[in-house]
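Okay, so here's the structure we're looking at.
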Amino acid sequence: MVNLSVNLCGLTLDNPVIPASGCFGYGKEFAEYYDINILGSFSFKGTTRQQRFGNPTPRIAEAPAGMLNAVGLQNPGVEHVISHELPEMKRYFHKPVIANVSGFSVDEYVETCAMLDAEEQVGIIEVNISCPNVHGGGMAFGTSPDSAAAVTKAVKAAVKKPVFIKLSPNVTDIVSIARACEEAGADGLSLINTLLGMRVDLKTHKPILANGMGGLSGPAVLPVALRMVYQVYKAVKIPLMGMGGVSCARDVIEMMLCGAAAVQVGAANLVHPCACKEIIEQLPVEMEKLGIRSLQEIIGGAHA
Amino acid sequence: MQYQIVENSPIAPGVFLLDLAGDTSAVKAPGQFAQLQIPGFYLRRPISICDWDESGMTLIYKAVGQGTEALSRMQPGDTLDALNGLGNGYDVTRCGNHPLVIGGGVGIPPLYALTKALIAAGREPAVILGFNKAEEIFLLEEFEDLGVPVSVTTADGSFGQKGFVTDAMKEKDERYVFACGPLPMLKAVCKKSACPTGQYSLEERMACGFGACMGCTIQTKNGPKRVCKDGPVFRKEELTW
């Protein structure tokens with residue numbers, strides 16, 4: 001009998017598999033395909049203080065072994081999330097959930113995080129300082145150690161629950177930003193967000209995405225994500241949620257060997273609605289094959 | 001869900017008829033679509049369902065990009081993975097006895113199953129089909145075989161009435177409209193129709209196709225709506241045009 005459970009800042013997860021924010025909505029659409037209570041947890045759609053329509057369409061483009069998106073944080077705003085989405089979610093998901101938060105100023109991050117921190121369904125706050133698809137916010141905070149630390153410090157002072165900072169890969173030195181977040185009091189780090197990319201329509205000679213650029217995700221980014229998780233694991237002591245192109249149980253194991261304490265699955269959910277279910281079912285099979293008894297024990301195993 | 005290709009052949013320049021055998025129990029209404037996984041491509045491709053029965057379904061698609069071009073090269077006997085019965089589809093219960101069914105180009109296929117459903121529901125629909133030119137016409141005989149009046153317009157006048165589908169509508173046309181086609185056509189029909197309601201099927205680039213990614217959101221009078229899940233069929237009252 002293999003052991004899939006992992007510990008994340010005092011929360012025991014049945015398994016390390018967590019659908020990533022923006023790829024799972026509030027879980028409702030997936031609950032039509034399988035009982036999502038088998039998940040370790042899930043990170044719900046990025047929430048901002050005010051409601052946002054997001055970017056004009058097209059918001060989606062195909063990429064080799066992946067996809068680009070420029071949704072632009074469409075969400076109904078934190079008040080609606082608390083009054084409507086969370087109560088509805090309670091009916092089909094019974095574990096602590098991860099609240100993903102974005103903002104356009106430190107005050108906005110703090111206010112939104114504090115409101116979600118007060119919700120008992122929320123187990124972890126994941127602060128997104130790395131969305132590539134909005135202007136004048138989001139990624140701006142994630143591209144310098146000072147601003148990343150400022151958001152982290154302010155949010156930590158305002159909430160009780162564990163705070164994970166979601167990092168951008170679109171930086172010259174992710175390690176320095178990870179360290180700055182740890183020093184500012186982050187309980188953990190999530191990485192990576194999408195890689196900034198673009199595609200051009202050969203018929204119109206113009207970018208396919210209405211926003212011009214968008215975030216690349218899918219299997220194409222897996223090696224980049226593994227490398228960054230590996231580098232950051234070496235540099236910090238706080239736990240990591242690793243993500244980026246994870247599509248199968250073997251990818252989960254690889255991500256944990258690089259240092260992830262839990263693993264988020266993003267784009268794969270959009271192509272295969274049962275992707276996470278299949279990963280969870282396949283994990284024990286792969287562990288048996290590889291002689292792994294406990295996932296908790298392999299975290300960081302790729303390091304000397 | 002796995003499907004086997006029974007037929008995949010051109011029926012007009014660049015337009016292909018794809019017959020798939022497999023479980024169609026998820027399909028509930030005309031106007032719904034399937035998300036096909038084409039080998040070698042990451043995202044699925046949404047294709048509207050032209051017709052279906054308990055053992056399979058017919059899709060008609062245009063090869064417009066690398067994905068659909070690859071699909072057009074697949075052979076009978078090959079298998080395709082598909083998510084099926086996606087979207088809301090048309091509601092045939094609330095349309096009066098003499099609805100007008102209007103389609104343009106590759107927006108036409110889902111209107112075939114719709115017209116059959118309208119007839120089965122005891123309605124007497126009239127159909128208007130718009131194409132660019134005579135050689136691009138498809139499905140015309142199939143519509144005529146349903147025994148309903150069918151008008152055809154071509155932009156260059158090479159078949160039927162010269163002009164657009166709106167030219168085949170009456171002035172102050174009060175008939176209930178079911179429409180599917182390119183956005184400029186839908187907007188023109190919506191504007192010309194004197195009926196205060198109607199059902200218009202929209203198109204957007206999608207990732208998931210089942211409501212999770214917010215990739216295909218449009219603004220409506222009732223707030224942001226997902227074309228894949230809240231649509232693709234929208235009521236005229238909701239549209240901002």
> If amide H atoms are built 1.01 Å from N in the plane of the peptide, which residues on other chains or at least 5 residues away come under 5 Å of the amide H of residue B:163?
Replying inline: B:154, B:155, B:156, B:157
> Quick one: helix B:109-120 against the long Cα principal axis of chain B, what's the angle to the nearest 10°, folded into 0 to 90?
Replying inline: 60
> Taking θ as phi - 60°, what are the ³J(HN,Hα) couplings along the range B:205-212 by the Karplus curve (6.51, -1.76, 1.60), each to the nearest whole Hz, with x for Gly and Pro?
Replying inline: 5, 10, 9, 6, x, 10, x, 9
> Cα atoms only, the range B:106-241: Rg and Dmax in Å?
Replying inline: 15.5, 44
> Mind checking which lysines have their C-alpha under 23 Å from residue A:206, skipping anything on the same chain fewer than 8 residues away?
Replying inline: B:62
>> Would the range A:159-304 count as rounded, prolate or oblate if I go by the C-alpha gyration tensor, calling it rounded below 1.5 in a/c and otherwise prolate when a/b exceeds b/c, oblate otherwise?
In response: oblate
> How many partner chain Cβ atoms sit within 10 Å of a residue's Cβ in peptide B:212-225, on average, as a whole number?
Replying inline: 6
>> P(r) for chain B, please, calculated from all Cα pair distances in 10 Å bins and given in %.
In response: 8, 33, 38, 19, 2
> What's the percent breakdown of Cα-Cα distances in the range A:186-261 across 10 Å bins, shortest bin first?
Replying inline: 19, 40, 23, 14, 4, 0
> Based solely on its DSSP helices, what 222 nm [θ] is calculated for the protein assembly as shown when runs of n ≥ 4 H residues each add -39,500 (n - 2.57) and the sum is averaged over all residues, nearest 500 deg cm²/dmol?
Replying inline: -6500 deg cm²/dmol
>> Looking at the range A:193-304 only, what percent of DSSP beta bridges run antiparallel? Nearest 5 please.
In response: 50
>> Cut-off 10 angstrom, C-alpha nodes, Gaussian network model of chain A. Which of A:192, A:292, A:253 fluctuates the most?
In response: A:292
> Using a basic spin-label model with each label point 7 Å from the Cα along Cα→Cβ, how many nm lie between residue A:282 and residue A:200?
Replying inline: 3.6
> Rounded to the nearest 5, what is the percent of antiparallel bridges among the DSSP beta bridges in chain A?
Replying inline: 35
> What are the ³J(HN,Hα) values, in whole Hz, obtained from phi via the Karplus relation 6.51 cos²θ - 1.76 cosθ + 1.60 with θ = phi - 60°, for each residue of the range B:218-226 in sequence order, with x given for Gly and Pro?
Replying inline: 10, 8, 10, 5, 9, x, x, 10, 8
> Short version: ³J(HN,Hα) in whole Hz for each residue of the range A:296-303, in order, from phi by Karplus 6.51 cos²θ - 1.76 cosθ + 1.60 (θ = phi - 60°), x for Gly and Pro, what are they?
Replying inline: 3, 6, 9, 4, x, x, 7, 8
> How about residue A:153: which lysines have a C-alpha closer than 28 Å to its C-alpha, ignoring those fewer than 8 places off in the same chain?
Replying inline: A:45, A:95, A:161, A:166, A:234, A:237
> With axes computed from alpha carbons, what is the tilt in degrees of helix B:183-192 against the longest principal axis of chain B, rounded to the nearest 10 within 0 to 90?
Replying inline: 20
> For q = 0.07, 0.08, 0.09 Å⁻¹, what log10 I(q)/I(0) does the protein assembly as shown give under the Debye formula with an equal point scatterer on each alpha carbon and no solvent?
Replying inline: -0.43, -0.56, -0.69
> Per-residue accessible area for residue B:241 at 1.4 Å probe radius, Å² rounded to 10?
Replying inline: 100
>> Quick check on the protein assembly as shown: of the DSSP beta bridges with both residues there, what percent are antiparallel, nearest 5%?
In response: 55
>> How would the range B:1-102 be classified by its alpha-carbon gyration tensor: rounded, prolate or oblate, with rounded meaning a/c under 1.5 and the a/b versus b/c comparison settling the rest?
In response: prolate
>> Classify chain A from the C-alpha gyration tensor, please: rounded if a/c falls under 1.5, else prolate or oblate depending on whether a/b exceeds b/c.
In response: rounded
>> Please report the spacing between the Cα centers of the range A:29-88 and the range B:172-235 in Å, no decimals.
In response: 22
> What relative contact order, as a whole-number percentage, does the range B:90-201 give when Cα pairs under 8 Å and 6 or more residues apart are counted?
Replying inline: 28
> Taking each residue of B:62-72 in turn, how many C-beta atoms of other protein chains fall within 10 Å of its C-beta, and what is the average?
Replying inline: 1
>> With a 10 Å cut-off between alpha carbons and a GNM built on chain A, which of A:96, A:239, A:87 moves the most?
In response: A:87
>> I'd like the mean, over residues of A:56-64, of how many other protein chain beta carbons sit within 10 Å of each residue's own Cβ.
In response: 6
>> Take the residue pairs A:28/B:116; B:28/B:236; A:203/B:170 and return only those whose Cα atoms are more than 28 Å apart.
In response: A:28/B:116; A:203/B:170
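The values are calculated or read from the model by the stated rules, or taken from the named source; none is laboratory data. Keep in mind the model is a prediction, meaning the values are calculated, not measured. With ideal geometry, Cβ positions are generated from the backbone for all residues, glycine too; neighbour counts draw on all protein chains shown. Remember, those area values only see protein heavy atoms, side chains included, never the ligands or the DNA or RNA. Shrake-Rupley method; radii C 1.70, N 1.55, O 1.52, S 1.80 Å.
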